[in-house]
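None of the figures in this text is laboratory data; all of them are computed from the coordinates on show. Everything quoted here is computed from the prediction, not taken from an experiment. For neighbour counting, all protein chains shown are included, and Cβ atoms are generated from backbone atoms with ideal geometry for every residue, glycine included.
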Amino acid sequence: MLYEYIKANYAPNEPILSNELQKYPYKSTSLRQELKSLTDKGLLRRYDRGIYYLPKMTIFNIEAVPSRNSIIEKKYLKQDNENIGYVSGLGLANQLGLTSQVASVVEIVTNKATKEYKELSIGNVTVIMRKPKITIDSTNYQVLQFLDLIKDINAFLEISKKEAKEKMLLYIQKTGLLFSTIEKYLKYYPPIVYKNLYEMGFFINAYS
């Protein structure tokens, strides 16, 4: 049965995408009916269209809900343990301490995007989805994320470029990026990226 399959393959509160369940030997119409039946019985919860999860109680006896980040990651950033996307924009700048502004939307770049720009909703969260400059995979997603940030750095900065460089160096060290690797991808970006790298003091071989 579908419920046994889900329990065996998913942890409580883990996002379950209905299109993942196409592997289960059901026709799509039967799968939708079965998911609705399990939801009506309270064995599954529906987060949003095509997104479900097994219910889980917290230590405070309150039912947990999957985080928006876990859903976005499952839906747009990873596939079969391969990176296919990354978070970008103001949310990433805030995460790295370059700005105190809190993003009202989540910006992502993903292989699943078919347009240069698209807005969609996941639950009550607005997501801006963009096409990557080249196909994203586990070997390049961090360097593309870094270059996207550098491209728009002046729109986010609330600190000095010296402070920003220190924070970016920590990011570089954490991710293990090398300038020799970054340099290979500069051709996919406009000249402003090289200009911003130079102005922030990221010279060739500065951290290779």
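Amide H contacts of Gln79 (H built 1.01 Å from N, in plane; Pro and chain starts excluded): Ile84 sit under 5 Å, all sequence-distant by 5 or more or on other chains.
Rounded to the nearest 0.05, the FRET efficiency derived from the C-beta distance between Lys161 and Gln95 at R0 = 22 Å is 0.75.
Once R0 is set to 25 Å, what does the formula 1/(1 + (r/R0)^6) return for the Cβ-Cβ distance between Gln79 and Gln33, expressed as a FRET efficiency to the nearest 0.05? So, using R0 = 25 Å, E works out to roughly 0.40. Principal axis analysis of the Cα atoms in segment 48-110 yields extents of 38, 30, 21 Å, listed in decreasing size. The Val105 and Lys41 beta-carbon pair, evaluated with R₀ = 22 Å, returns a calculated FRET efficiency of approximately 0.05. Residues Ser160, Ser37, arranged from fewest to most other Cβ atoms within 10 angstrom of their Cβ, appear as Ser160, Ser37.
With a simple spin-label model that places each label point 7 Å from the Cα along the Cα-to-Cβ direction, the separation between Glu119 and Tyr198 comes to 3.7 nm.
All C-alpha to C-alpha distances of segment 2-53, sorted into 10 Å bins beginning at zero, yield P(r) values of 25, 68, 7 percent in whole numbers.
Simple spin-label estimate for Thr181 and Met1 gives 4.8 nm between the two label positions (7 Å along the Cα-to-Cβ direction from each Cα).
Helices in the chain, meaning DSSP H runs of at least 4 residues, each add -39500 (n - 2.57). Divided by all residues, the mean residue ellipticity at 222 nm is -10500 deg cm²/dmol. In the set (i) 151; (ii) 138; (iii) 122, the label that goes with volume of the Cα convex hull per residue in Å³ computed for this structure is (i). Extension gain for Val65 to Ala11 (0.36 nm times residue separation, less C-alpha to C-alpha distance): 18.2 nm.
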